[in-house]
Amino acid sequence: MAYISYEFYNGKDVYNDGDVEQRLLEHYKNGTDIDENADDIFYLTTHIRTNILNWYPFTSDDEVLEIGSGCGTLTQMLCENCKSVYSVEGSKRRAEITYERNKNYDNLKVYAGEFGKFSIEKKFDYVILIGVFEYAKRFFDVENPSEYFLKEIRKVLKDTGKVLIAIENRYGLKYWAGANEDHLGMPFVGLSEYDKYDVQTFGVKEMTELIKKIGFTKYKFYYPFPDYKLPEVIYTDKRVPNRDELRTLPIYLYGCQSDFDIRKVYSGLIDNEQFGFFSNSYIIEFGNDKAELSDVIYAKEVSYREEEFRIVTIQKEDLTFKKVALKENAEEHLKDMQYVYKKLREEGIPIVCQNFDTEGKLDIECCKGRSVAEYIASRMESEGMEGCKAELDRLWEFYCSISDKHKFQHPIDERLRELYPDENFILKVSLLDGNASNIMVDEHQNYIFIDQEWMSDKELPAEFLMFFSILHIVNVNGIKLDILGELCRLYGITEEKQNVFLDINRAYYKKIIADKVRKRQEELNECSGKTGLDTTPVCYYDTGYGFNEEQKIYGAYSQQGEWQKVVFEFPEKVKNVRLDPALCGEKYLTFSEMLVNGKRVQYTTWNIIELQNKKLMVKKNPYIVLQYEENKIEFSINIRKMTLLEMEEYLKYTNEKNN
C-alpha cells in the first residue's frame, strides 16, 4: 500500500485545474464514472502522456523523486519500473489524486507540499520534473529562482544521479508561427517578454548554460514530437525526422492558428540541422561527472492501439533497435512478431535479423538505407512521375518474388475468389503491413522487410500490398487522388479490388485500434489551427446579370475555434452570392456546416460531394450559391483537410458508384 503525508502541506495550492480534479479524485477514490475522452479529462488521464518517459531505461534498483506529480499520470509507470518513487506535489488535491490512482504500489510515497520548502533526508538516482521547472518564479521568491531550484535539486541527487526535465522550448517553431505561449495564453510573449511574468521557459542553449552554471557537467537533449504533453515520437540530435515521417507526424497547436505550414518549415530546418533549436519542447537529461547518460537516440509508441498491442520501439546509439512491451499483456504481441519473422525466414523472404534478449525484449538489427517509400519520393522529386513508376515496377517485381502463382484456396475474404478466378500471385506469407514504408533499400540496393507485426493465416494477393504501398505514397507526397487510380490500373488493381482491400484492412485492424484514442488524436491534429488549408476563399456577387469574373472578391480566412471565418463587402446591391471555399478546388478539404452571419441558411452546393454528413471538396471548382441581398456577408465554415481515413472512405464511395 502506498503512503501519503500532509506533514509539510502549508494550506496553499500553487496550481490546480478546478472542478475536474474533484471529479477525478472521486473517480479514483470511490469508483465514480468519468469519460476519459472528455475534453477536460483527457489530458489528465491519457496514457499518451507516459510516452514522455516510457522508453527511458530505468532499472529496478533506481530510486526516483518526482517533483510535481500532477494527477499521477506518470507515477504508475515509474512505480512499475523503479525500486521506489517519492512524489512531491504542491496541491493537496492533486497529491490525493496521485495517491488514490496508485495506492496499490508499495514502493510509492506521496507528499503534499512544495519541494524546497521542507527537507527530504534522502538522495535519489533520478529527479524528474515534467512541466514543472517553468514555474520556478512562483515556487521561490529569490533573486534567481531557476538557479535556486536547480541547487535544491542537486542537494537530493546522488553523485551518479541524473535529472530529467521536460519543458516547452521558448523558441519552438509553433511560437514563431503565432501559437499562444502555453502558460500565458498569448502569442509571441515567450520570445521576448518573460521578465514581465511569473513563468519562464528556456531555449536549448539557455538551458545548457543554466545547468552548467550550477555545476552539472553532462547533458543530453531529447525532442518529443509534437510536444512533451502528448508525445508520439522522441527524437535526438543523432536521429531527427526523415521526410517520410515528417509528412505524417501530427501537429498540435491546441486551437491556435499558424501563420505558415509548420511541416514545410521543419523540413527546411532539418536540412539546415536546426531541428533541435526549433523543437516545440524538449527533455534535458543531465548530471555530474559520474552520471552515465542514456544511449537512446529515438523512441516511438503507436498510442492509438489497444493495450495488448502497445509496444515502444527504441533505437540506441549503436543504431540497433529494441521492441519493449509496455504492459504484461502486450508481451504476447512481441512473441507474435517473432513468429512472423520466423515464417518469413523459412520462406527465404528478406527481413532484418531479430531475437529476444534475456529480459524478453526484442532486439532488431539496423538496416542502413532508406525506406522504399522515401526512395520513391526522392525519385519523384528528381525524375517526376516516370521515376515514381519505375520504382513501383521494381516494387511489384519484389512482391511477385515473395508470392506463389496459384488459385485461391483459403482467402482472407471470400470475395477474392470472384475477383481472382484464375491463377494469380498469392503471398507466401500474408503480411498486412508489408507496404513500401516497411521495406528498406539497403546499401546494396536490395529490398528487405523491417518491422513486420501483422500476418494472417489466410491467403492474400500480392496486389493487396501493392495497393497499400501506392496509397501510402500518394498520401505522404500529396499526390492527387486521380493519380492513385491511374497507378493502381498499371498493376491491374481495379476499383472493386480496392474496396475489398480496404474492407480487409479495416476488419483486421479493428481489434487493434483503440477508436476513441485515435479519434481524439485526429481531432487534435485537425484543430491545430495550421494554415495547411493552403487556400483562398473567393466570393462572386450577382447584381442581376449572373455571376462573372468581373464581379468577384478574394478573401482571407481567420480562425476562431473550429471555424474559418471570412467577411465580404459588395460595392453595389446584390441578388445572389457564390462562395468558392477553396480557390480552384482539388484541395481534398471537407466541412460539415456553414453559417451566414452566424445563422444556418439554405444554400445549394456544386461540385461538392456529400458523404456521411460531411461535404467533400475533391472536384474542380467546388462552390456554394445562396440568395442574398445585403451589401455585407460573413461566412463561417468548419473547413479542414481530409484525413487519410476520409480519403479511403471517399475512394470506396467513388469505386462503388462507378460500378
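The values are calculated or read from the model by the stated rules, or taken from the named source; none is laboratory data. Since this is a predicted model, take the numbers as computed values, not measurements. Glycine also receives a Cβ, built like all others from the backbone with ideal geometry; neighbour counts cover every protein chain displayed. Protein only, heavy atoms only, side chains kept; ligands, DNA and RNA dropped before computing areas. Shrake-Rupley method; radii C 1.70, N 1.55, O 1.52, S 1.80 Å.
Please identify the pairs in which a residue from region 399-411 that is among the small types (Gly, Ala, Ser) has its Cβ atom under 9 Å from the Cβ atom of a residue that is in a helix (DSSP H, G or I), counting only partners at least 6 apart or on another chain.
Between residues of region 399-411 that are among the small types (Gly, Ala, Ser) and residues that are in a helix (DSSP H, G or I), the close pairs are Ser403/Ala462.
Looking only at residues in region 353-377 that are hydroxyl-bearing (Ser, Thr, Tyr) and open to solvent by 40 Å² or more (accessible area, probe 1.4 Å), which one is nearest to Ile448 (Cα to Cα)?
Tyr375
Which numbered condition in (1) under 16 Å from Met466 (Cα atoms); (2) at pLDDT 95 or above; (3) not in a loop (DSSP other than H, G, I, E, B) is the only one that Ser437 fails?
Of (1) under 16 Å from Met466 (Cα atoms); (2) at pLDDT 95 or above; (3) not in a loop (DSSP other than H, G, I, E, B), only one is false for Ser437: (2).
So which strands (runs of 3 or more DSSP E) are wholly in region 537-590 and hold at least 1 residues that are of a type in the set (Lys, Arg)?
So the answer is 552-554, 563-569, 576-580.
Among the residues of region 65-121, which ones are among the small types (Gly, Ala, Ser) and under 26 Å from Glu36 (Cβ atoms)?
Result: Gly68, Ser69, Gly70, Gly72, Ser87, Gly90, Ser91, Ala95, Ala112.
So which residues in region 608-629 are surrounded by 12 or more Cβ atoms within 10 Å (Cβ to Cβ), of a type outside the set (A, V, I, L, M) and within 27 Å of Pro571 (Cβ to Cβ)?
Asn621, Pro622, Tyr623, Gln627, Tyr628 - these are the residues of region 608-629 that are surrounded by 12 or more Cβ atoms within 10 Å (Cβ to Cβ), of a type outside the set (A, V, I, L, M) and within 27 Å of Pro571 (Cβ to Cβ).
Report yes if some residue within region 176-188 is under 21 Å from the mean Cα position of the chain (by Cα), part of a helix (DSSP H, G or I) and either more than 16 Å from Val132 (Cβ to Cβ) or small (Gly, Ala, Ser) (or both); otherwise report no.
Looking through region 176-188, at least one residue is under 21 Å from the mean Cα position of the chain (by Cα), part of a helix (DSSP H, G or I) and either more than 16 Å from Val132 (Cβ to Cβ) or small (Gly, Ala, Ser) (or both).
Tally the residues that are open to solvent by 60 Å² or more (accessible area, probe 1.4 Å), assigned to a helix (DSSP H, G or I) and in contact (Cβ under 8 Å) with a residue 12 or more places away in the chain, restricting the search to region 146-162.
Qualifying residue count, region 146-162: 3.
What residue, of Asp106, Asp125, is modelled with pLDDT of 95 or more, of a type in the set (Asp, Glu) and touching a strand residue (DSSP E or B) at 6+ places or on another chain (Cβ under 8 Å)?
Asp125
Residues that are open to solvent by 30 Å² or more (accessible area, probe 1.4 Å), under 27 Å from the mean Cα position of the chain (by Cα) and of a type in the set (Asp, Glu): does region 335-348 have at least one?
yes
Taking into account only those residues within region 23-57 that are of a type in the set (A, V, I, L, M, F, W, C), assigned to a loop (DSSP other than H, G, I, E, B) and surrounded by fewer than 19 Cβ atoms within 10 Å (Cβ to Cβ), which is modelled with the highest pLDDT?
Per the stated criteria, the residue is Ile34.
Somewhere in region 264-273, is a residue under 28 Å from Trp176 (Cα atoms) and part of a strand (DSSP E or B)?
Looking through region 264-273, none of the residues is under 28 Å from Trp176 (Cα atoms) and part of a strand (DSSP E or B).
Are any residues in region 235-263 open to solvent by less than 50 Å² (accessible area, probe 1.4 Å), at pLDDT below 90 and not in a loop (DSSP other than H, G, I, E, B), and if so, which ones?
If the condition is that a residue be open to solvent by less than 50 Å² (accessible area, probe 1.4 Å), at pLDDT below 90 and not in a loop (DSSP other than H, G, I, E, B), then Asp244, Glu245, Leu246, Ile262, Arg263 are the ones that fit.
Those residues that are in contact with an Asp or Glu (Cβ under 8 Å, 6 or more places away or on another chain) and either surrounded by 20 or more Cβ atoms within 10 Å (Cβ to Cβ) or within 30 Å of Asn477 (Cα to Cα) (or both), I need them from region 400-412; list them, please.
Selection gives Ile402, Phe408, Pro411, Ile412.
If the requirement is being part of a helix (DSSP H, G or I), modelled with pLDDT under 95 and of a type in the set (Phe, Trp, Tyr), which of these qualifies: Tyr339, Tyr399, Tyr375?
The match here is Tyr375.
If you scan region 380-399, which residues turn out to be open to solvent by 40 Å² or more (accessible area, probe 1.4 Å) and of a type in the set (A, V, I, L, M, F, W, C)?
If the condition is that a residue be open to solvent by 40 Å² or more (accessible area, probe 1.4 Å) and of a type in the set (A, V, I, L, M, F, W, C), then Met385, Ala390, Trp396 are the ones that fit.
Out of region 593-603, which residues are within 13 Å of Pro581 (Cα to Cα) and surrounded by fewer than 15 Cβ atoms within 10 Å (Cβ to Cβ)?
Glu593
Quick one: would you say Glu96 is under 21 Å from Gly190 (Cα atoms), among the acidic types (Asp, Glu) and in contact (Cβ under 8 Å) with a residue 40 or more places away in the chain?
No.
Every residue, every condition in (1) at pLDDT 95 or above; (2) closer than 13 Å to Tyr28 by Cα; (3) in a strand (DSSP E or B), yes or no:
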{"residue": "Asp61", "(1), (2), (3)": "yes, no, no"}
{"residue": "Glu66", "(1), (2), (3)": "yes, no, yes"}
{"residue": "Leu78", "(1), (2), (3)": "yes, no, no"}
{"residue": "Val85", "(1), (2), (3)": "yes, no, yes"}
{"residue": "Thr98", "(1), (2), (3)": "yes, yes, no"}
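Could you go through region 457-466 and let me know if any residue there is open to solvent by less than 20 Å² (accessible area, probe 1.4 Å), more than 25 Å from the chain's Cα centre (by Cα) and under 17 Å from Ser371 (Cβ atoms).
Scanning region 457-466 turns up at least one residue that is open to solvent by less than 20 Å² (accessible area, probe 1.4 Å), more than 25 Å from the chain's Cα centre (by Cα) and under 17 Å from Ser371 (Cβ atoms).
From the list Val64, Val88, which residue is open to solvent by less than 50 Å² (accessible area, probe 1.4 Å) and touching a Gly at 6+ places or on another chain (Cβ under 9 Å)?
Sole residue among the options that is open to solvent by less than 50 Å² (accessible area, probe 1.4 Å) and touching a Gly at 6+ places or on another chain (Cβ under 9 Å): Val88.
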